[in-house]
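Here is the structure we will look at, set down as C-alpha cells.
Please treat every number below as a calculation from the coordinates, not as lab data. What you see is a predicted model, and the numbers here were worked out from it, not measured in a lab. A quick note on method: Cβ atoms are made from the backbone with ideal geometry, for glycine too, and the neighbour counts reach across all protein chains shown.
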Amino acid sequence: MKREVSDKTILEQFAEDFVKIVEKHCKYIIVSGFVAIIHGRSRGTEDIDMIIEKIPKEKFIELHNALIKAGFECMQTNNPEEIYSGYLMNSTSVRYTRKGEFLPEMEIKLAKDELDEMQINTRIKIPDINPIIYFSSIETNIAFKEEYLRSDKDIEDAKHLRIIYEDEIDEHKINEIKKQIRRLRMKK
Amino acid sequence: MEQVEKWARYVKEHPNKWKKELKLFVDSQIIIANRFYKKLNETEEGRKKLVKIMELKC
C-alpha cells in the first residue's frame, strides 16, 4: 500500500498542512469520508472531517491565530471567540479553507462526548497510507458508517475499508463501538 | 455496491497503481468546483448564490 510522495491528492496535501498546525495545539483525529478516500475509495468530497479535543477558549484562540498565520481562514467568521462560543461550544462545526480558496475545507468539531474522547484517545497513524495524519481507528470508522451515518455513500465507504483491511479488522471491537454509538448517540 | 467491491479489490491488489489513477479523479473534482465557486464570486448575483451554497453546508 506504500505510495510515492508525488501521488498526494490536493485533499491529502491540504490535510497534512492543516494538521501540522493543529497538532502543536491539541489532539485531533480525521474521521469519516477522507479515511476511506485516502485508502483508495473512489468518490469525490469537498471536505475533511476533524474532531479536536475539548480545549479551553484561550487555547482555541491560539490555535485559530496559528491557522490564520499559516494561510488558512474560517468561513464562518474571523473572530475566534465567536467561533469558539457561538459555534464549537454549541456542537456546531466550523470550516477552514486556504485563504482565498473555497475548497477543500476542513470541517472542525469539538469532542462532544465520551465516544469522541475514546476516538481521540485511540487515534492511530497509518504510516503506509500517510505518516503525518492521525486518524480514528478503522474499526471506529466502520462502526460509525454502518450504525450511525448509514447513507449509501457511508455504507460503501465501510465496505471499501472492510475489503482493504479484511484480514486485520477486529469485528468484536466494531460491535462494541456500535453498542456505544447506540447508547450515546441514538439513546437506545 | 458491486463496483465498489471491484474497485476496492483493485486497490488492495495493485498498491502501486491505484493512487495515480485516483488522484486525477479526486483532484479534478476539487479544481473544477473551486473554479466554479470563484466564477460565482465575481458577480453580486453569484455571491448571493454562493452564500446559499455555503449555508447549506453549515
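Which semi-axis lengths, in whole Å and largest first, follow from the square roots of five times the eigenvalues of the Cα gyration tensor of the range A:40-94? Walk me through the intermediate numbers first.
On the way: eigenvalues 103, 39, 25 Å².
Listed largest to smallest, the semi-axes of the range A:40-94 are 23, 14, 11 Å.
Rounded to the nearest whole angstrom, the semi-axes of the ellipsoid equivalent to the range A:94-147, taken from the Cα gyration tensor as √(5λ), stand at 23, 16, 11, largest first. Semi-axes of the equivalent ellipsoid of chain B are 36, 14, 7 Å, computed as sqrt(5λ) over the eigenvalues of the C-alpha gyration tensor in descending order. Each Cα pair under 8 Å and six or more residues apart adds its sequence gap; the mean of these over the residue count of the range A:1-151 is a relative contact order of 28 percent. Calculated mean residue ellipticity at 222 nm for the protein assembly as shown: -15500 deg cm²/dmol, from DSSP H runs with n ≥ 4 weighted as -39500 (n - 2.57), summed, divided by the residue count and rounded to 500. With N counted as the residues of the range A:118-174, its alpha-carbon radius of gyration over 2.2 N^0.38 Å works out to 1.11. Distances between placed amide hydrogens fall under 5 Å for A:Ile133 paired with no residue 5 or more residues away or on another chain.
When the dipole is taken about the Cα centre of chain A, and only Lys, Arg (+1) and Asp, Glu (-1) are charged at their Cβ, what size is it in debye, to the nearest 20? Write down the numbers at each step before the final one.
Working: 32 positive and 36 negative charges, 83 e Å.
Approximately 400 debye in magnitude.
On average over all directions, what projected area in square nanometres does the protein assembly as shown have, based on the convex hull of its Cα atoms? Don't jump to the answer; show the numbers that get you there.
Details: hull surface 54.3 nm².
Here the figure is 13.6 nm², rounded to one decimal.
By DSSP, the beta bridges lying fully in the range A:1-122 are antiparallel in about 60 percent of cases. Annotation for A:Ile132 and A:Glu168: the two label points, set 7 Å from Cα along the Cα-Cβ direction, are 2.1 nm apart. Bridge orientation summary for the protein assembly as shown: considering DSSP beta bridges with both residues in this region, about 65 percent are antiparallel.
Students often get this wrong, so check it: of A:Lys8/A:Lys99; A:Lys153/B:Lys19; A:Lys153/B:Lys49, which have C-alpha atoms separated by over 23 Å?
Among A:Lys8/A:Lys99; A:Lys153/B:Lys19; A:Lys153/B:Lys49, the Cα-Cα distance tops 23 Å for A:Lys153/B:Lys49.
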